[in-house]
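The values are calculated or read from the model by the stated rules, or taken from the named source; none is laboratory data. Keep in mind it's a predicted model, so treat the numbers as computed, not measured. Cβ: placed from backbone, ideal geometry, glycine included. Neighbour counts: every protein chain shown.
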Amino acid sequence: MEQPDPNSSAYRVSQGWRRLASLLVQGGRAEDVPRRGAFVNPPVTRGSTVLFPDLAAMRETGTRSHDHELVYGAMGTPIQHDLEQLVAAIEGGVHCQVVSSGLAACTMPLLAFLSAGDHLLLPDSVYSPTRRFASTMLARMGVETTYYAPTIDEAGLRALVRDTTRVVFAESPGSHTFEVQDIPMLARVAHAHGARLMLDNTWGIGVFQPFEHGVDISIQALTKYPGGHSDVIIGAVTVAENEDWRILRDAAIQLGQVAGPDDCWLTLRGLRTMAVRLERQSLSALRVAEWLRGRPEVARVLHPAFEECPGHPFWLRDFTGACGLFGVELREDFPVSAMEDMIDALGLFGLGASWGGYESLVLPTTGGIRRNIPGGIPKGATFRIHIGLENVDDLIADLEGGFEVLRASSAG
Ligand SMILES: *Cc1c(COP(=O)(O)O)cnc(C)c1O
């Protein structure tokens with residue numbers, strides 16, 4: 001296969017996916033399943049009750065930690081544990097807990113590691129349901145949240161940390177506004193104050209190694225690229241330390257957090273092809289982003305591989321690739337209503353929430369989620385693009401038609 005020039009953006013967005021391919025194909029298989037005389041894919045096993053040979057065996061099982069043992073369906077099924085093993089290997093952590101959704105993967109560790117009287121630092125660019133959880137449920141339970149600019153520097157962050165700060169939360173790049181965060185700096189500050197650093201690493205799965213950069217707890221919406229086919233809702237939380245694993249695992253059991261075996265099976269099957277899908281999607285996304293960047297209607301393309309994206313140097317330093325999701329900011333002379341007409345006129349880009357499937361999507365993001373922290377918020381109308389596996393020339397032709405509608409609509 002032809003390899004892009006190592007100094008090119010094409011190489012930088014796609015190299016990490018090539019490295020990941022063997023792990024995705026070979027990993028996540030229980031060791032006791034023979035490599036001959038068995039089906040390639042681990043089976044789905046549906047179940048609640050697990051039968052024990054006698055009472056002594058049942059009691060004995062109850063005294064152990066049974067992380068990956070069959071005890072009861074609510075503690076996970078074999079296919080869930082295979083998936084957990086593969087996600088832990090991708091992220092480079094010691095253990096992973098699969099949960100019912102990406103959002104549960106955000107809220108569950110916050111519940112596990114925060115108590116009344118504690119202080120939480122959340123980036124202003126955080127996924128909006130995570131923000132809502134902090135401002136409603138966590139507030140009700142006596143946890144106070146301060147929002148920080150995702151582009152904050154070390155001195156700025158130190159000024160916000162309190163004695164009671166127990167969690168610094170990050171999401172990189174940020175939802176809708178795509179700021180890449182300085183994760184090693186966040187880790188330094190968090191750890192100096194005895195706080196944990198949690199990262200929503202959904203965008204960076206496979207191309208950002210959270211624990212190598214000081215993250216303690218990494219969150220994944222597996223709904224996105226791991227599932228990869230827009231047909232499953234599932235999440236995962238991975239930890240760097242066994243000590244944190246005990247706390248997280250206990251919270252998962254107490255909160256009844258599992259995922260159904262069929263959803264785990266679909267996600268594991270999706271992961272087998274993630275490297276090849278993402279190699280293509282990252283390169284197609286870069287091509288579309290470069291084309292958009294050259295359009296006179298566009299003020300900025302918020303793609304981490306571009307210099308104009310806030311935090312671009314951190315992406316260059318810390319990431320081995322990019323995915324197919326990025327933002328577009330139009331020039332200020334195009335009103336939001338014209339952008340909306342453009343979006344409605346697109347044919348190949350589906351309009352809907354979420355991303356990470358094989359199909360292209362578009363979503364208006366003007367007004368977005370950032371509220372509290374001034375600076376860096378786009379002035380022009382904005383939308384988010386997800387690039388799927390369609391022919392990239394067809395996607396560009398579709399966008400070209402969209403820009404005609406944009407111009408006509410803002411003239412009229
Ligand atoms: C989609 C998403 C989530 C939530 O995942 P669901 O499975 O849809 O609940 C969380 N964080 C980020 C960054 C996401 O993009």
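Some observations on this one:
- Considering only residues in the range 167-191 that are in contact with a Lys or Arg (Cβ under 7 Å, 6 or more places away or on another chain) and of a type outside the set (Gly, Ala, Ser), the one that is farthest from TRP203 (Cα to Cα) turns out to be VAL189.
- Residues within the range 242-260 that are within 19 Å of SER101 (Cα to Cα) and loosely packed, with under 14 Cβ neighbours inside 10 Å, tallied: 3
- Qualifying residue in the range 354-361 (condition: assigned to a loop (DSSP other than H, G, I, E, B), crowded, with 16+ Cβ neighbours inside 10 Å, of a type in the set (S, T, N, Q) and at pLDDT below 95): no
- Check on THR177, within 16 Å of the ligand (Cβ to nearest atom), of a type in the set (Ser, Thr, Tyr) and closer than 30 Å to CYS264 by Cα: no
- So THR202, is it under 26 Å from GLU243 (Cα atoms), in a loop (DSSP other than H, G, I, E, B), within 16 Å of the ligand (Cβ to nearest atom) and hydroxyl-bearing (Ser, Thr, Tyr): yes
So that you can scan it fast, the table gives a plain yes or no per residue for (1) in a loop (DSSP other than H, G, I, E, B); (2) within 16 Å of the ligand (Cβ to nearest atom); (3) at pLDDT 95 or above:
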{"position": "PHE334", "(1), (2), (3)": "yes, no, yes"}
{"position": "ASP341", "(1), (2), (3)": "no, no, yes"}
{"position": "ASP344", "(1), (2), (3)": "no, no, yes"}
{"position": "GLY367", "(1), (2), (3)": "yes, no, no"}
{"position": "ARG371", "(1), (2), (3)": "yes, no, no"}
{"position": "GLY380", "(1), (2), (3)": "yes, no, no"}
{"position": "ALA397", "(1), (2), (3)": "no, no, yes"}
{"position": "SER410", "(1), (2), (3)": "no, no, no"}
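- Tally of residues being more than 9 Å from the ligand (Cβ to nearest atom) and part of a loop (DSSP other than H, G, I, E, B) across the range 94-127: 8
- Filter pass, ASP163 being away from the ligand (no atom under 16 Å from the Cβ), part of a loop (DSSP other than H, G, I, E, B) and of a type in the set (Asp, Glu): yes
- Filter result for GLY402 (out of contact with any His (no Cβ under 9 Å at 6 or more places or on another chain) and away from the ligand (no atom under 16 Å from the Cβ)): yes
- Taking the range 300-320 as the range and being surrounded by 20 or more Cβ atoms within 10 Å (Cβ to Cβ) and either at positive phi or among the aliphatic types (A, V, I, L, M) (or both) as the test, the residues that pass are VAL301, LEU302, ALA305, GLY311.
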